[in-house]
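The values are calculated or read from the model by the stated rules, or taken from the named source; none is laboratory data. In this text the structure is predicted, and so the values were computed from the model without any measurement. Cβ placement follows ideal geometry from the backbone for every residue including glycine, while neighbour counts extend to all protein chains displayed. Quick note on the areas: whole protein, heavy atoms, side chains included, nothing else; ligands and nucleic acids left out. Shrake-Rupley method; radii C 1.70, N 1.55, O 1.52, S 1.80 Å.
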Amino acid sequence: MKLFLTSYRIPTLAPLVELIGKSPSEITLGLIPNAGDYYAERARTFKINEKKQYLDDLGFKTTLIDLVGYTSVDDLSDAINNVDAVWASGGNTFCLRHAMHASEFDQIIESAMKKGLVYCGESAGAI
């Protein structure tokens, strides 16, 4: 099982790149923004775009995986299976946990990680 969790320090790319075994430009990250679901829509959109741009600027191919947007477990599972790692953003731990449970992400991620998917998180996403 592979985990890449960050603290308040700015992480270096080397450990994450080593875990995945590809260069940043070959790595697809699934950005999970649901720890910020409590924000007003405008603020939430700004924060998602800001985080996506940050990850893109590091050289990753970033795709949004909004757990609330999936109506079927199969669709969410497909989305997760099409990325090398998921990155759960910071915000409210309870909002993130609620979205993970309601979408059944918590069950999907376990099997995906056993197959080699890397889970990354910051702040609430690390918890």
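The table below lists the values:
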read-out: Share of carbon and sulfur in the accessible heavy-atom surface of region 1-118 [1.4 Å probe, %]; value: 54
read-out: Per residue accessible area in Å² of the chain, where ligands, DNA and RNA are left out and the probe is 1.4 Å; value: 57
read-out: Residues Gln53 and Asn92, FRET efficiency given R0 of 25 Å [Cβ-Cβ distance, rounded to 0.05]; value: 0.70
read-out: Signed unit charges on C-beta, dipole axis of the chain, positive-most listed residue Ser111, Asn34, Ala124; value: Ala124
